[in-house]
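Q: There's a structure below that I have some questions on.
The values are calculated or read from the model by the stated rules, or taken from the named source; none is laboratory data. The shown structure was predicted, so the numbers you read here are calculated from the model rather than taken from an experiment. A quick note on method: Cβ atoms are made from the backbone with ideal geometry, for glycine too, and the neighbour counts reach across all protein chains shown. Quick note on the areas: whole protein, heavy atoms, side chains included, nothing else; ligands and nucleic acids left out. Shrake-Rupley method; radii C 1.70, N 1.55, O 1.52, S 1.80 Å.
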Amino acid sequence: MLDLQRLRALHAVSVHGTVGAAAAALGFTPSAVSQQIAKLERETRTVLLEREGRGVRLTDEAWQLAATAVELLAVVERAETRLEERRGVPAGRLTVAAFASAARGLMPAVLADLAARHPALDARLTEVDPHLSVDLVAKGAVDLVVAHDWDIAPLPAPAGVEQASVGEDLCDLLVPEGHRFAGRAGVRREELGGERWICQPPGRVCHDWLLRTLRGAGHEPDIVHQADENPTLVALVAAGLGIALIPRLGRGPLPAGVVEVPLVPTPVRRLYALWRAGAARRPAIAETVRTLRTHWPEASARTASPARAE
């Protein structure tokens, strides 16, 4: 008989691409995941993973088994949902994926609140970019996702995935002191031509949004520096190396040398919680979404007028 935990490990590798990433998502060590798959190979008398450079490649037989694992895990999820629904209280493990600034600016308070009020609920957070996290929840790799989109680039929800709005996060133009925009009451998008830009790398939601925004205003952006983390982007602005459009959530105090200027109209990104339709009745999902919405006003207020670091 096939062991469900071993199938879960194989499914995680198929979704995340590497043993290390699968282990991080499952909360195990890479060694533990490798052992689970090795046991599954012995049980099935089939080679499931093959070495490919520094990583691994799933064999055709592994992909077939991973597809079966998706079906079995969906059945287990429905059974667990029914049991939790009958008990009427949030319980069990809940895996949550959130983008970086939500993981920093919103999720700590949400997770602490859930832990204090629902000790039977084991909520676990992973930081994942929205482009990837929505696919992960659709494939059953995580239970709930906190993602975002922009006003000009809506986030599509895949079939079988439900979503609820959490709140709206505003974005500001950050410029070095002495810049031509510093001290302005507002800057229109049509005025942004000829600037040196600092932003996240290609493939990230914020990068794509910046390209669409500037091109929509008739400008081809000159992106001179790229970094994943917002604090790094802010530090590059403080060094006078360019300007950036950065959301407020999780941004933190601005350092000396950085001036915040409103962009007109103000860019807005919308936060959503997403989960699989099959788990919609699970109390843990409903309570987590409610808690996200409860804590959003506080998280939003903390970033409404960011303080300057001394």
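Q: So for segment 70-214: antiparallel DSSP bridges make up what percent, rounded to the nearest 5?
A: Values: 1 of 11 bridges.
That works out to approximately 10 percent antiparallel.
Q: Could you identify which residue out of Pro231, Pro156, Pro262 has the top mean-square fluctuation in a GNM of the chain using Cα springs shorter than 10 Å?
A: Taking springs between Cα atoms under 10 Å, the residue moving most is Pro156.
Q: Output needed: percent of Cα pairs per 10 Å distance bin for segment 180-309, bins running from 0 to the one holding the longest distance.
A: Result, from short to long distances: 11, 36, 31, 15, 7, 0 percent.
Q: Filter the chain for me: DSSP H helices, axial length by Cα at least 24 angstrom, mean Kyte-Doolittle hydropathy not below -0.5. List them by residue number.
A: 60-87
Q: With a 1.4 Å probe and every protein chain left in place, work out the accessible area per residue of the chain in Å², rounded to a whole number.
A: 47 Å²
Q: What's the center-to-center distance, using Cα atoms, between segment 175-235 and segment 266-297 in Å?
A: 30 Å
Q: Pull up all non-local amide H partners of Phe28: gap of 5 or more, or a different chain, and H-to-H distance under 5 Å with H placed in the peptide plane.
A: The list, which skips near neighbours in sequence, is empty: none.
Q: Right, something else. Could you check how much of the accessible area of the chain is carbon and sulfur, as a whole percent, using a 1.4 Å probe?
A: 53 percent
Q: Stokes-Einstein at 25 °C, 0.890 mPa s, Kirkwood radius from Cα pairs: D for segment 1-146 in µm² s⁻¹?
A: The calculation lands on 150 µm²/s.
Q: Turning to a different aspect of this structure: If you add up the charges near Ile198, with Lys and Arg at +1 and Asp and Glu at -1, over every other residue whose beta carbon is less than 15 angstrom from its beta carbon, what do you get?
A: Taking every Cβ under 15 Å from that of Ile198, the sum is -3.
Q: Also, I was wondering about something else. Kindly give Rg over Rh for the chain, based on alpha-carbon atoms, with the Kirkwood expression for the hydrodynamic radius. Mind showing how you got there, number by number?
A: Numbers: Rg = 22.0 Å, Rh = 21.3 Å.
Expressed as Rg/Rh, it is 1.03.
Q: Can you compute the helix-only [θ] at 222 nm over the chain? Use -39500 (n - 2.57) per DSSP H run of at least 4 residues, normalise by all residues, nearest 500 deg cm²/dmol.
A: -13500 deg cm²/dmol
Q: Right, here's the next one. From the P(r) of segment 181-252, can you give the percent of Cα pairs sitting at distances over 18 Å?
A: Details: 955 of 2556 pairs.
Above the 18 Å cut-off, segment 181-252 has 37 percent of its Cα pairs.
Q: Could you give the dipole magnitude of the chain about its Cα centre, charging the beta-carbon of Lys and Arg +1 and that of Asp and Glu -1, in debye to the nearest 20?
A: Computed charge dipole of the chain: roughly 540 debye.
Q: Lys and Arg at +1, Asp and Glu at -1: add these up for the other residues within a Cβ distance under 11 Å of Ala98 and post the number.
A: Within the 11 Å Cβ shell, the charges total -1.
Q: Quick one: which of 233-244, 46-57, 20-31 comes out on top by average Cβ neighbours within 10 Å, and what's the full order, highest first?
A: Result, highest mean first: 233-244, 20-31, 46-57.
Q: Kirkwood hydrodynamic radius of segment 124-193 from all distinct Cα pairs, in Å?
A: Kirkwood hydrodynamic radius for segment 124-193: 15.3 Å.
Q: Specify which residue in the list Gly167, Ile37, Ala91 is farthest towards the positive end of the charge dipole of the chain, using unit charges on the beta carbon of Lys, Arg (+1) and Asp, Glu (-1), about the Cα centre.
A: The one lying farthest along the dipole's positive direction is Ala91.
Q: Same structure again: Rounded to the nearest 0.05, what FRET efficiency do Arg281 and Ala235 have when you use their Cβ-Cβ distance and R0 = 45 Å?
A: Given R0 = 45 Å and the Cβ-Cβ separation, E is 0.50.
Q: To check my understanding: the extent here is largest minus smallest coordinate of the Cα atoms along each principal axis. What are those three numbers for segment 58-209, in Å, largest first?
A: That gives 60, 45, 22 Å along the principal axes, largest extent first.
Q: Moving on. If you take the charge dipole of segment 1-119 about its Cα centre, with +1 on Lys and Arg Cβ and -1 on Asp and Glu Cβ, which of Leu10, Ser101, Ala22 is farthest toward its positive end?
A: The listed residue farthest towards the positive side: Ser101.
Q: Sticking with this one: Quick one: of the DSSP bridges fully inside the chain, what percent are antiparallel, nearest 5?
A: Taking every DSSP beta bridge within the chain, about 60 percent pair in antiparallel fashion.
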